[in-house]
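Remarks on the structure that follows.
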Amino acid sequence: MTVALVSRQGRQLQRYNSCGSRLIVGCIPYRVKTMPCDPDQAVEVLVISSSKKRQEIMFPKGGWEQDESIIQAAYRETFEEAGVLGHLEDSLGIWRYKSKSHDKIHEAVMFPLNVTEELYYWPEKAIRTRKWIGVAEAMAECKHSWMKEALARLVKRLSSEDLEMIP
């Protein structure tokens, strides 16, 4: 497999819904610790810095393009922005939110990604940082309410499963 260490640029292939909202796809990369000291720390999520405000954290996300499936877009965005690979799980839902930079409405679909590999090099390594943090810290630090809601759905889903059964 050939892997490009360059992010896709431009919006010429961008998808929009029937109302003209840009379609966004993202992931919440996570891992389950095998022996957490504190049950509330059993799940960690990988957050990335915003490309514009490096102190602001978020989950990887970006435009869904016409030449890819929604699954391919989720994997691509997570690879480009966070440099991780893993098992993509069922969607957490769809959110509509207003873009801060373009004053437009976007429609986003978020997926959990159970991380199996962290890459040393990835396309946006020079412009983003990444770090593993607990759910409570992610809830406190993430500025996007819709991302917090997606994280809450992931936590609820994981808590309804037996965490010891997750590889």
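The values are calculated or read from the model by the stated rules, or taken from the named source; none is laboratory data. As the structure is a prediction and not an experimental result, all values here were calculated from the model. Cβ atoms come from the backbone with ideal geometry, glycine included; neighbour counts cover every protein chain shown.
In table form, for the structure just shown:
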| quantity | calculated |
| --- | --- |
| Top-ranked residue in region 62-102 [being touching a His at 6+ places or on another chain (Cβ under 8 Å) and among the charged types (D, E, K, R); ranked as farthest from Leu23 (Cα to Cα)] | Lys98 |
| Residue within region 33-42 that is touching a Phe, Trp or Tyr at 6+ places or on another chain (Cβ under 6 Å) and touching a residue at least 40 places away in the same chain (Cβ under 8 Å) present | no |
| Condition met for Ile133 (of a type outside the set (Asp, Glu) and either out of contact with any helix residue (DSSP H, G or I) (no Cβ under 8 Å at 6 or more places or on another chain) or part of a helix (DSSP H, G or I) (or both)) | no |
| Boolean, Trp146 is in a loop (DSSP other than H, G, I, E, B) and of a type in the set (A, V, I, L, M, F, W, C) | no |
| Out of Ile94, Ile127, sole residue that is among the aliphatic types (A, V, I, L, M) and assigned to a loop (DSSP other than H, G, I, E, B) | Ile127 |
| Selection from region 1-51 of residues that are at pLDDT 60 or above and basic (Lys, Arg) | Arg11, Arg15, Arg22, Arg31, Lys33 |
| Extreme residue, nearest to Tyr97 (Cα to Cα), among residues of region 150-161 that are at pLDDT 95 or above and surrounded by 14 or more Cβ atoms within 10 Å (Cβ to Cβ) | Ala150 |
| From the options Lys143, Lys104, residue that is surrounded by fewer than 16 Cβ atoms within 10 Å (Cβ to Cβ), basic (Lys, Arg) and either over 24 Å from Gln41 (Cβ atoms) or at pLDDT 95 or above (or both) | Lys104 |
| Residue within region 27-36 that is over 13 Å from Val109 (Cβ atoms), surrounded by 22 or more Cβ atoms within 10 Å (Cβ to Cβ) and hydroxyl-bearing (Ser, Thr, Tyr) present | yes |
| Looking only at region 40-75, and only at residues there that are assigned to a strand (DSSP E or B) and among the β-branched types (Val, Ile, Thr), the one that is nearest to Val155 (Cα to Cα) | Val43 |
| Every residue from region 11-31 that is of a type in the set (Val, Ile, Thr) and touching a helix residue (DSSP H, G or I) at 6+ places or on another chain (Cβ under 8 Å) | Val25, Ile28 |
| Subset of region 109-127 that is aromatic (Phe, Trp, Tyr) and under 20 Å from Ala73 (Cβ atoms) - its residue that is surrounded by the fewest Cβ atoms within 10 Å (Cβ to Cβ) | Trp122 |
